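The values are calculated or read from the model by the stated rules, or taken from the named source; none is laboratory data. Since the model is a prediction, treat every value here as computed from it, not as a measurement. Here the Cβ is made from the backbone with ideal geometry for all residues, glycine too, and neighbour counts use every protein chain on show.
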Amino acid sequence: MKKILGYSDKISVRPGEEIAFKVSSLEGRAYDASIVRIIHGDNNPAGPGCRFEPVATAIDGRYDGRPQEALAGSYVTVPDHPLFAGLRSFTLQAMIWPTLPGQGAQSVISRWDEGRKAGFILGLDAAGCVALTIGDGSGKVATFGSGKPVLAREWYLAAASFDAATGTVTVHQVPQAVYGHIDDASTVTDRPGFAPGDAGGPLLIAAHPVGTVGTRLRTAGHFNGKIDSPAVSAVLLDPMGLEQVLTGRLPDAAAPALVARWDFGQGISGETVFDISPNRLHGQTVNMPVRAMKGYNWTGREMNWSRAPQEYGAIHFHDDDLYDCGWQTDFTLTVADGLKSGIYAARVRLDETSPGGVGEDYMPFVVRGPKTSASGGRPRARAAFLVPTASYMAYANEHMAFDGATTEVLAGRIPVLYPNDVFLAENRNFGGSCYDTHADGSGICFSSRLRPILNMRPDYQSWVGGIGSSLWQFNADTHITDWLEAQGFDFDCLTDEDLHYEGVGALDGYDVVMTGTHPEYHSTAMWDAMDAFKKRGGRLMYLGANGWYWRIAYHPTKPGVMEVRRNEDGIRAWAAEPGEYYHAFTGEYGGLWRRNGRPPQVMAGTGFTAQGFDICSYYRRQKDADDPRVAFIFDGVPDEIIGDFGLIGGGAAGLELDRADRLLGTPPNALLLASSENHTDIYLVVSEEILINYPGQGGHESPLVRADMLFYETAAGGAVFSTSSIAWAGSLSHNGYDNNVSRITGNVLRRFLDPTPF
């Protein structure tokens, strides 16, 4: 099991800027910390091996260790207010859509003191019945349930009241859909013989407090499902009054007794939860529950929440949501002037460990080039490697080796589990990836980097891939940085977040941009920036596949979190509910860029066509390779077969493949230089290409299962070169970097660095 792990507050820094690191030594033991530059993260003995360059900094040294907790589970917190303390007779109510009823008690609205057992909790009891729990603060606690379990994924009005005059508790459970032979409506009254005591502290929605960890609340009883229109009234309400509160008001005579009625349809893109009562008791969401969710009153007349926010007044809460671990900082690095741009990591080690051990962790980050240089504002390097951090976040802490229903079929073998996989499977509080589902089966659409990401580590092996290196995302991209170092190319690194927040300005001064092996996730700002870079004459080297595939959104104010809505098409581990296809963060339609009218062929000339995860193949040279326009690419490369070797699956063409398609936007001037062939039947055509299911979609049968190497010039003197395979970079180091994959890549980069217009 892992004994130490951590994360940083930033993913990208420039010289002179600070980056903070937060570490949890799970056994509380002291550790050593240092900074290394990551050159190559693949430990395969057939290649260069893991390569790190130590960097002496002020953070080097020994630190006292301490365990730090990841407090998962989303909820809303509303600050304490005298109106809460003044409640005597009251009614609590909410529309609920539970997803895991009967799996433990769950809180919907609470104001509770766990130590004194004082206050109230409206929620579900362990049997899945709407229930009210009250405690008087002296040890007396009672729970009153409806006695009828609710159905999963159905809307109910859940309400409970306490009458201070008579000491009577009333619990209402009102289903919004009625099914024959199912009687789940209930109204129950009882007298506990005591009144709820004042709990003090905040009011919570979707959880109840049980303590603190530093300045953070420790919570329990997390509700799984949607909550809509929660309200607190300082008056007893009959069924008619409950219905009127749903409209945001009480009967005129009782209106002053409306303490709060929260409208989750307001401020959907933010974290504030608005109280529409005159008291304005606004709250804040914690751990990023999902907004822009269909409410109990959704009609289907509008699929875009921004056009009918009154029908999207629900928030989906989960007991495994996590945004920011909130750990305390252990050390802070100020990046030195003159530090070479590249991929770095803070390395922490316990005494007895060796590299790769469970007593070691790496916290990667990118050092960018300085903002200005002696050359008059241009970066010192003219080539930039765009580190696909959005894609890293999408796959962050994925559990597919354990949880994926089709993992063995996709890989064509039994997945190999590594220590980090086992640790994540046993510690679900570190959150999942956008390829996982929550405990209640709903898809994880948010991913944050403010937590340890254990599959974004040098030396990490993935279940993906067959023979050779099982690398995916981060480590696979170090095949490119290693090759650049070995070939002596000067380059800077920047991240997807830099491109998103700075736009095309992040690429100012660079003549060439190189992608990673799998730049799958792009925001609108990222897409537009790269398009603008191309249009002004920039040169793009697409060194991977399945790029520009999913549209994402970054949160407008919260750092380090992205959103993806997996809509009606594409290779996806889960699908969003109809009516929930628009991003909460931006209001943009989610899903594939192809379904948003921007197929990846428009950007790179090729787009996703097939995937398979057993072995990789090679390319066969095509007739366009003899065109004089691309003579520079094949200088010194007379070979017909390209890349029949490599660390990833034994070949340069594999894992995921892209193809050219004029109908999807491949430019008419593009040259098809080479295409892969002879893929196994584990490789299958992607679902968006299939209108009707029929046999013959495997690698031995379908002509769509191929990677197309492509080149084309752009109007402003620029050009694009696409390899169209995730495995391409794994072949760069073969035979001491002396091979046709390496030579082709080097020929392209040298010509792309030549300012002569194409």
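Taken over the stretch 465-501, the criterion of being within 21 Å of the chain's Cα centre (by Cα), closer than 23 Å to MET603 by Cα and part of a helix (DSSP H, G or I) is satisfied by PHE474, ALA476, ASP477, ASP496, GLU497, ASP498, LEU499, HIS500, TYR501.
Scoring GLU311 on the criteria (1) at pLDDT below 95; (2) within 28 Å of PRO98 (Cα to Cα); (3) of a type in the set (D, E, K, R) leaves a single failure, condition (1).
For ALA439, are the conditions met, namely being surrounded by 20 or more Cβ atoms within 10 Å (Cβ to Cβ), on the phi < 0 side of the Ramachandran plot, assigned to a loop (DSSP other than H, G, I, E, B) and hydrophobic (A, V, I, L, M, F, W, C)? Spelling it out, it is not the case that ALA439 is surrounded by 20 or more Cβ atoms within 10 Å (Cβ to Cβ), on the phi < 0 side of the Ramachandran plot, assigned to a loop (DSSP other than H, G, I, E, B) and hydrophobic (A, V, I, L, M, F, W, C).
Is it the case that ILE343 is closer than 25 Å to ASN224 by Cβ, buried (at least 19 other Cβ atoms within 10 Å of the Cβ) and at pLDDT 95 or above? No: the conditions fail for ILE343. Of all the numbered requirements in (1) part of a loop (DSSP other than H, G, I, E, B); (2) buried (at least 21 other Cβ atoms within 10 Å of the Cβ); (3) in contact with a Phe, Trp or Tyr (Cβ under 9 Å, 6 or more places away or on another chain); (4) modelled with pLDDT of 95 or more, ASP320 misses one, and that requirement is (3). Of all residues in the stretch 611-632, at least one satisfies being out of contact with any Gly (no Cβ under 6 Å at 6 or more places or on another chain), surrounded by 21 or more Cβ atoms within 10 Å (Cβ to Cβ) and polar (S, T, N, Q). If only residues of the stretch 532-549 that are assigned to a helix (DSSP H, G or I) and over 19 Å from SER724 (Cβ atoms) are counted, the one that is farthest from the chain's Cα centre (by Cα) is LYS535.
Scanning the stretch 254-272 for residues that are touching a residue at least 60 places away in the same chain (Cβ under 8 Å) and crowded, with 23+ Cβ neighbours inside 10 Å yields VAL259, ALA260, TRP262.
On the given criteria, is GLY404 touching a Ser or Thr at 6+ places or on another chain (Cβ under 7 Å) and either in contact (Cβ under 8 Å) with a residue 24 or more places away in the chain or not assigned by TED's automatic domain parsing to the domain that holds MET288 (or both)?
Judged against the criteria, GLY404 is not a match.
Inspect all residues belonging to the stretch 682-701 and state whether any of them is surrounded by fewer than 23 Cβ atoms within 10 Å (Cβ to Cβ), aliphatic (A, V, I, L, M), in contact (Cβ under 8 Å) with a residue 12 or more places away in the chain and in contact with a helix residue (DSSP H, G or I) (Cβ under 6 Å, 6 or more places away or on another chain). Taking every residue of the stretch 682-701 in turn, none turns out to be surrounded by fewer than 23 Cβ atoms within 10 Å (Cβ to Cβ), aliphatic (A, V, I, L, M), in contact (Cβ under 8 Å) with a residue 12 or more places away in the chain and in contact with a helix residue (DSSP H, G or I) (Cβ under 6 Å, 6 or more places away or on another chain).
Residue count for the stretch 408-431 under the criterion of being crowded, with 18+ Cβ neighbours inside 10 Å, in a helix (DSSP H, G or I) and not hydrophobic (A, V, I, L, M, F, W, C): the result is 3. When the residues of the stretch 132-173 are filtered to those that are part of a strand (DSSP E or B), touching a Phe, Trp or Tyr at 6+ places or on another chain (Cβ under 6 Å) and of a type in the set (A, V, I, L, M), the one that is farthest from ALA105 (Cα to Cα) is VAL169.
Among the residues of the stretch 643-688, just one is more than 22 Å from ALA476 (Cα to Cα), small (Gly, Ala, Ser) and within 27 Å of the chain's Cα centre (by Cα), namely SER687. Scanning the stretch 205-252 for residues that are within 25 Å of the chain's Cα centre (by Cα), assigned to a loop (DSSP other than H, G, I, E, B) and small (Gly, Ala, Ser) returns ALA206, ALA207, GLY221.
Condition first: of a type in the set (A, V, I, L, M, F, W, C), within 35 Å of the chain's Cα centre (by Cα) and more than 15 Å from TYR618 (Cβ to Cβ). Now tell me which residues in the stretch 701-728 satisfy that. Selection gives LEU704, LEU710, PHE711, ALA719, VAL720, PHE721.
Considering TRP527, TRP550, the condition of being crowded, with 24+ Cβ neighbours inside 10 Å and either at pLDDT 95 or above or under 18 Å from ALA396 (Cβ atoms) (or both) is satisfied by TRP550 alone.
Hey, among SER34, SER74, which residue is under 28 Å from GLU497 (Cβ atoms), out of contact with any Gly (no Cβ under 7 Å at 6 or more places or on another chain), buried (at least 18 other Cβ atoms within 10 Å of the Cβ) and of a type outside the set (Val, Ile, Thr)?
Exactly one of SER34, SER74 is under 28 Å from GLU497 (Cβ atoms), out of contact with any Gly (no Cβ under 7 Å at 6 or more places or on another chain), buried (at least 18 other Cβ atoms within 10 Å of the Cβ) and of a type outside the set (Val, Ile, Thr), namely SER74.
Residues being among the aliphatic types (A, V, I, L, M), within 25 Å of GLY443 (Cα to Cα) and crowded, with 23+ Cβ neighbours inside 10 Å are represented in the stretch 101-108 by at least one member. Counting only strands (runs of 3 or more DSSP E) that sit completely within the stretch 1-73, those holding 3 or more residues that are within 16 Å of LEU333 (Cβ to Cβ) and within 30 Å of the chain's Cα centre (by Cα) correspond to 4-8, 18-25, 31-40.
What do you reckon, is PRO175 within 26 Å of GLY115 (Cβ to Cβ) and surrounded by 15 or more Cβ atoms within 10 Å (Cβ to Cβ)? For PRO175, the condition - within 26 Å of GLY115 (Cβ to Cβ) and surrounded by 15 or more Cβ atoms within 10 Å (Cβ to Cβ) - is not met.
For the stretch 637-672, a residue qualifies if it is among the aliphatic types (A, V, I, L, M), surrounded by 18 or more Cβ atoms within 10 Å (Cβ to Cβ) and closer than 21 Å to ILE480 by Cα, and the qualifying residues are ILE642, LEU647, ILE648, ALA652, ALA653, LEU655, LEU657.
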